[in-house]
Amino acid sequence: MENRSNEYIDSVEKLLDSLALLRKIPQFRAFMPLRVIEVTEEALLNYIRASSNLAVNIAEYYMLLSAASLEASRKAALRIAEKKDDEDARKAWIDVFEQEFNELFRSQRFGNVVNNMITSYSDLLKGVASIVEAYFKELGLPTRSEMDSVYREMVKMKRDIANINEEVKRLRERLDRRDEEIHNTSLVK
């Protein structure tokens, strides 16, 4: 399975190399779609690597589940052959499957496969985000990183405005107290 994904990645890399050669020809530089491919080729390669890794990890995940299921079925068939009562056979079947899958779920290999699957999926999402960001940048649209920067700046400005409002409130209170003191002293005279 991994060999197929490596072959696929190699073929995509060859395709991108061919496109790079085409970009060097002046007549082809005028085409904007090649410019978009140039901008996004690294993001596309990362996406392809992540998707092939995810496919490999998902296949291994289901392989482990299938192997555990087959082993549990084999063990359950042996135990059921000894039972005469249907209820005892059902309980034996459940116990064997529960024991086999608990062993699988506790195993280091299963944990590694699930971790690799989650990591691959996260990498895939990052790859998609980088492709979208590259296209948005090429089209002149605001990218996610630019929007995040604007949002951080807005939060800072809101905090600054709140601090300024607090300072204005304290100054007004001081002025009111000062006016009151002046008024009280003028009444005493």
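Coordinate-derived values only; no laboratory data. Please read these numbers as outputs of a predicted model, since none were measured by experiment. Virtual Cβ from ideal backbone geometry, glycine too; neighbours counted across all protein chains shown.
Observations on the structure shown:
- Equivalent-ellipsoid semi-axes for the stretch 142-189 (Cα gyration tensor, √(5λ), whole Å, largest first): 46, 5, 4.
- nm² value of the averaged projected area, convex hull over the Cα atoms of the stretch 57-126: 5.0 nm²
- Mean Cβ neighbour count within 10 Å, used as a protection proxy, ranking 150-162, 42-54 highest first: 42-54, 150-162
- Residue-by-residue Karplus 3J(HN,Hα) for the stretch 51-56, coefficients 6.51, -1.76, 1.60, Hz, glycine and proline x: 5, 5, 4, 5, 4, 4
- Summing Lys and Arg as +1 and Asp and Glu as -1 over all other residues whose Cβ lies under 14 Å from the Cβ of Glu167 gives a net charge of +2.
- Counting Lys and Arg as +1 and Asp and Glu as -1 over every other residue whose Cβ lies under 14 Å from the Cβ of Asn102, the net charge comes to -3.
- The simple spin-label model puts a point 7 Å past each Cα toward its Cβ; for Glu13 and Thr119 those points are separated by 2.0 nm.
- Taking other residues whose beta carbon is less than 15 angstrom from the beta carbon of Asp88, and scoring Lys, Arg as +1 and Asp, Glu as -1, yields 0.
- ³J(HN,Hα) computed for each position of the stretch 130-140 - Karplus, 6.51 cos²θ - 1.76 cosθ + 1.60, integer Hz, glycine/proline x: 5, 5, 4, 5, 5, 5, 4, 4, 5, 7, x
- Of interest is the spacing of the C-alpha centroids, which for the stretch 141-175 and the stretch 97-122 amounts to 47 Å.
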